[in-house]
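Just below is one structure, and these are the notes that go with it.
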Amino acid sequence: MIRAAHAAGPILRAHSELRRVAIRRQLQAVAAGKSTGVPSDAVESRYGAARTVEEITAGLREDSLPVQLLQVAFKNSLVADGVIERLQGKSIHERLGAARLVAALRMYEATPWLVPLLAAKDPSVADASARALGRIGGAASATALLHAIRRRGLNRRLIAELARGAPDLFLESALAHPPRPALRPALAIAAGLRRRRTAITPLLALLQRGSRKERVITCRALGWIGATTAVPVIEAALDDRDWKIRMSAAKALGALRAGSSRPALERLYTDPNPKVRRAAHQAVRRLTHGA
Amino acid sequence: MVSRLSALERAPVFFSFQESTLRALARRIRRVTVPAGEMVVYQGEPGDTIFFIERGRCRVVIEKPPGAVTVAVLAEGDFFGDAACLLNRPQQASVYAQTDCSLLALDRQSAHTVLAGREPGAIEELQKLADQRFHSFADTSVQATWGMLLEEATVVGVYSPKGGSGGTCVSLNLVGALARRHPGEVLLLDLDFPYSHSALLAGLVPSSCLARTASVPQEPFEEVLLSAILVHSGGPMILPGALRPEEADEVTPELVTRAIAVLRKTFRYIVVDLGVTITDATLALFDLTQHVVLVTVPELSSVKSSADALDILVQLGTPPDRLTVVLNNRTERPAVSKPAVERALKREVDIEIAFDGNRPEQAAVDGQILSLTNPRSEMARGSETLAALLIGKHSRRVT
């Protein structure tokens, strides 16, 4: 009995591998427009459909043909329903695989099922859910990510996905009227990562009136955006009493390649804080060499 | 919810949708308030949201270095951002809130989620419409640069931030100097509100004005507008902005843009007397000008106002080489010296008009333009220099 089971193991593995390869080929055929059906067992995590779809859709926009063909095939074959059901599954692998698949397919319809997963105990499921919401985007996803940040604090994954998924003017209006003041630093980072010029004005307001932490983050965010209009305000922050603000302002001016700020940065060569001095040297080096 | 629904119902793009669909859209729509002057979308950036204007006005600006041109002013019920949202194209133009605005934002995901299930084919229809609007905007964008492409009129704005600086006098004499070289091809558009008196100062009696063309339909607009222009015997032409102070409100940014589009095809130079106050119409005109002349007098308050105005002009994107500062000496011994003025303005004075006695006042009483009647006067000399500078910078056609 034990020997029989032992012998069946490799056969099952081989069978599983064959099926995985078959599903992979089928999904590639769908993306290429050569087929329209998706097998019903494609949702099973052991067949790696999520990985295959991720590979096919990597770097593609949601309106690209392969993504759209896959979306339609999953919906018409009713496999999409199975994927969404699996988001509520008991096994971590099921939920993880389904979240990855939903993200790769940019399935808007899955948003309400993804939101509760942000609070999952397993960090990989919560991360996969955040990633999926970021890729799907839209106001609903961004609001859910913002709520998750409120619960979990400044989480890198959540902030990165908020930056990716937030619709136009979402971060800007949230920065101006945040649901909770504690969210401002996260919003400022997300606005910086998103690099939209519409965020410059609310960030400048935050730089002038925000708390120490907010001002440190806002300087960097303005640097990432490339807000050259903010140079005078950031330059003024070089004289701040707080060393972190001075360091952040120096880094931002380096990122902005603000040549006019060179004398102000050189003044920081004698700053009492070594980190500020180092940031000033690096910034001037960036101005000189554009590194 | 009710107000959002009614805003969606007003949008022509959703006329054919069922009420249940509109309700579902209204539930997902975000209300965004944008203060006046703020940027809503930036040209060239990606976008994923259609914005409906619930309240306020927005200015659509196409930035074509070295300048920027306002191609449309959108009001309640209008929408923008559709091409970026539905066709995944970069934003075609920047949009700024002209007044405090309340916008309704419908993001791509919400639109797809609601419409995919309820209105089959709606997304395709919206994409088709967005494509049409994209191309019509592209045409407008080309028209915006017609001045350069088809050798249309150069628009010169004359702005004096303080009353009594002689802005109108400089405008009138500049028009005279330009008209001596190009008779019948130079127009003075007087937007010095609330009292536009250029025509009277030139000895002309106006019977119509720009404000009175506001309600004229598109088809006869050109004819009505051109018939409101007064012809001076010396060559220049004058179009008063308003004949009565209360008519000034009729001169909206849309009217100014519409009028300039017509006038640019007819004239070689359009000099606009922008007066003292910066209104929405003035702002729209700053976008349409190829050159701005700032007139100041050597008095403390005037110099301070001019320094502030220069900052504003720079913020509005006026390139330094398209900006000329004229120092008009209205007294024999000015209280502030020219170097002091330059220090305060942080730039050189380009043209200085020496004290001209009571000649400008006398010319106004006589209804004469000094640059046409007395070329040896200081005002005429200054205007000649200014005209030569403008022709040097903006001459395109060889006659």
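The values are calculated or read from the model by the stated rules, or taken from the named source; none is laboratory data. What you see is a predicted model; the values in this text were computed from it and never measured. All Cβ positions, glycine included, derive from the backbone under ideal geometry; neighbour counts span all protein chains shown. Keep in mind that these areas ignore ligands, DNA and RNA; they rest on the heavy atoms of the full protein, side chains included. Shrake-Rupley method; radii C 1.70, N 1.55, O 1.52, S 1.80 Å.
Here r is the Cβ-Cβ distance between residue B:13 and residue B:249 and R0 is 45 Å; the resulting FRET efficiency, rounded to 0.05, is 0.90.
Step through the table entries B:304/B:338; A:244/A:275; B:162/B:393; B:346/B:393, compare each Cα-Cα distance with 18 Å, and write down the pairs that go over it. From the list (B:304/B:338; A:244/A:275; B:162/B:393; B:346/B:393), the Cα-Cα distance tops 18 Å for B:162/B:393; B:346/B:393. Taking the charge dipole of the protein assembly as shown about its Cα centre, with +1 at Lys and Arg Cβ atoms and -1 at Asp and Glu Cβ atoms, the residue from A:221, B:201, A:232 reaching farthest to the positive side is A:221. Counting only other chain Cβ atoms within 10 Å of each residue's Cβ, the peptide B:102-114 averages 5. Our compactness index for the protein assembly as shown, the C-alpha radius of gyration over the empirical 2.2 N^0.38 Å, is 1.19. Gain on full extension, evaluated as 0.36 nm per residue between residue A:58 and residue A:154 minus their Cα-Cα distance, stands at 31.9 nm. Solvent-accessible area of chain B (1.4 angstrom probe, protein heavy atoms only): carbon and sulfur portion equals 52 percent. Entry note, chain B: the mean residue ellipticity at 222 nm calculated from DSSP H runs of n ≥ 4, each adding -39500 (n - 2.57), is -12500 deg cm²/dmol after division by the residues and rounding to the nearest 500. Taking the average, over residues, of other Cβ atoms within 10 Å as the packing measure, peptides B:234-246, A:182-194 rank A:182-194, B:234-246 from highest down. Expressed as a whole number of Å, what is the distance separating the alpha-carbon centroids of region B:327-377 and region A:153-199? One Cα centre to the other: 54 Å.
The simple Förster model, with R0 at 56 Å and r as the Cβ-Cβ distance, assigns residue B:76 and residue B:350 a FRET efficiency of 0.85. Considering the dipole of region A:33-189 built from charges on the beta carbon (Lys and Arg +1, Asp and Glu -1) around the Cα centre, which of A:139, A:77, A:43 is farthest to its positive end? The Cα lying farthest towards the positive end belongs to A:139.
Of all segments of chain B bounded by trypsin sites (Lys or Arg not before Pro) found in a DSSP loop with no more than 16 other C-beta atoms within 10 Å, the longest spans B:1-345.
Scalar couplings 3J(HN,Hα) for region B:160-168, obtained by applying the Karplus form with A = 6.51, B = -1.76, C = 1.60 to θ = phi - 60°, are 10, x, 10, x, x, 7, x, x, 5 Hz; x denotes Gly and Pro.
Between chain A and chain B, roughly 1800 Å² of accessible surface gets buried, counting both sides and using a 1.4 Å probe. A Förster radius of 60 Å, combined with the Cβ-Cβ distance separating residue B:335 from residue A:288, puts the computed FRET efficiency at roughly 0.80. Estimated at the nearest 10 Å², the accessible area of residue B:231 is 90 Å² with a 1.4 Å probe.
Pairs from the list A:213/A:251; A:90/A:121; A:34/B:128; A:121/A:213 with a Cα-Cα gap above 21 Å: A:34/B:128; A:121/A:213.
Toward the positive end of the charge dipole of region B:141-266, about the Cα centre and with charges on Cβ (Lys, Arg +1; Asp, Glu -1), which of B:166, B:226, B:263 goes farthest? Projecting each Cα onto the dipole axis, the largest value belongs to B:166. Panel note: contact residues of region A:166-213 (accessible area lowered by at least 50 Å² against the chain on its own; 1.4 Å probe) correspond to A:168, A:169, A:196, A:197, A:198.
Charge dipole (Cα centre; +1 on Lys/Arg Cβ, -1 on Asp/Glu Cβ; no other charges) of region B:285-399 amounts to roughly 260 debye.
Accessible area per residue for the protein assembly as shown, computed on protein heavy atoms with a 1.4 Å probe, is 45 Å². With the cut-off at under 18 Å, measuring from each backbone N in region A:46-83 to a point 7 Å along the Cα-to-Cβ line of residue A:93 picks out A:46-53, A:83.
The solvent-accessible area of residue B:342, taken with every protein chain present and a 1.4 Å probe, is close to 50 Å². Taking the Cα centre of the protein assembly as shown as origin and assigning +1 to Lys and Arg Cβ atoms and -1 to Asp and Glu Cβ atoms, the resulting dipole is close to 4220 debye. With a point put 7 Å past each Cα toward its Cβ, work out how far residue A:260 is from residue B:6 in nm, to one decimal. A separation of 4.8 nm, rounded to one decimal place.
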